[in-house]
Amino acid sequence: MTIDWNNFTPWASLAGGVMIGLASALFLLFNGKIAGISGIVGGLLRPARGDVVWRIAFVAGIVVSPLLFGAARALPRVDIEASYPLLIIAGLLVGVGTRYGSGCTSGHGVNGLSRGSLRSVVATAAFMFAGFVTVFIARHVLG
């Protein structure tokens, strides 16, 4: 294994992690809600009265923030080595997985682990294991 020293950014990564954790904690503190993306988006599909505006604002913030950042500074280049049909299938599988797992990596991995939830520990371990197996199969079995 080698380290790509040109793209090794531990301080920027640490700062990003701290900001995600702080934003998640503030969201829970001020709104009493978990910042789990799949749950927030899923709540838009079956909206409850008085529960739509904050969800739309949250999702809009996720979409608009990179656009604002891109207006101020050049966005990093992203190369995706997969076809659109494969990306669509992968997205649908992630959606199914979040329903079976009762949440996504943001809900379980960020919020649940920080609260010491055993269910979130198991879910996050399952997410990570599935990711490792998927990468292994894609890289070493399918080539």
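The values are calculated or read from the model by the stated rules, or taken from the named source; none is laboratory data. If you're wondering where the values come from, they're calculated on a predicted model, not measured in any experiment. Backbone-built Cβ (ideal geometry, glycine too); neighbour counts: all protein chains shown. Surface accessibility is based on the protein's heavy atoms, side chains included, excluding ligands, DNA and RNA. Shrake-Rupley method; radii C 1.70, N 1.55, O 1.52, S 1.80 Å.
Structural remarks
- Residues of the stretch 10-141: accessible area per residue with a 1.4 Å probe, Å²: 77
- Computing FRET efficiency as 1/(1 + (r/R0)^6) for L28 and I137, where r is the C-beta to C-beta distance and R0 is 35 Å, gives about 0.45.
- Calculated P(r) over Cα pairs in 10 Å bins from 0, in percent (choose from (i) 9, 28, 40, 20, 2, 0; (ii) 9, 28, 27, 22, 11, 3, 0; (iii) 10, 31, 29, 22, 7, 1), label: (i)
- Where labels lie 7 Å past Cα in the beta-carbon direction, separation of L67 and I20 in nm: 2.3
- Carbon plus sulfur fraction of accessible area for the stretch 1-85, probe 1.4 Å, in percent: 68
- Note on A60 and R99: with the Förster distance fixed at 30 Å, the Cβ-Cβ geometry gives a FRET efficiency of about 0.80.
- Counted charge near G42, where neighbours are those whose Cβ lies closer than 15 Å (Asp, Glu -1; Lys, Arg +1): +3
- Our helix-only sum for the chain, with -39,500 (n - 2.57) per DSSP H run of n ≥ 4 divided by its residues, gives a mean residue ellipticity at 222 nm of -20500 deg cm²/dmol.
- Karplus-based coupling profile of the stretch 123-138, in residue order and whole Hz: 4, 5, 4, 5, 4, 5, 4, 4, x, 4, 5, 4, 5, 4, 5, 5, with θ = phi - 60° in 6.51 cos²θ - 1.76 cosθ + 1.60 and x standing for Gly or Pro.
- Simple label model, 7 Å out from Cα along Cβ direction - S117 to A74, nm: 4.1
- Over the stretch 7-143, relative contact order from alpha-carbon pairs under 8 Å, at least 6 apart, %: 28
- Whole-Hz couplings from phi, Karplus 6.51/-1.76/1.60, listed for the stretch 15-29; x for Gly and Pro: 4, x, x, 5, 5, 5, x, 5, 4, 5, 5, 5, 4, 5, 5
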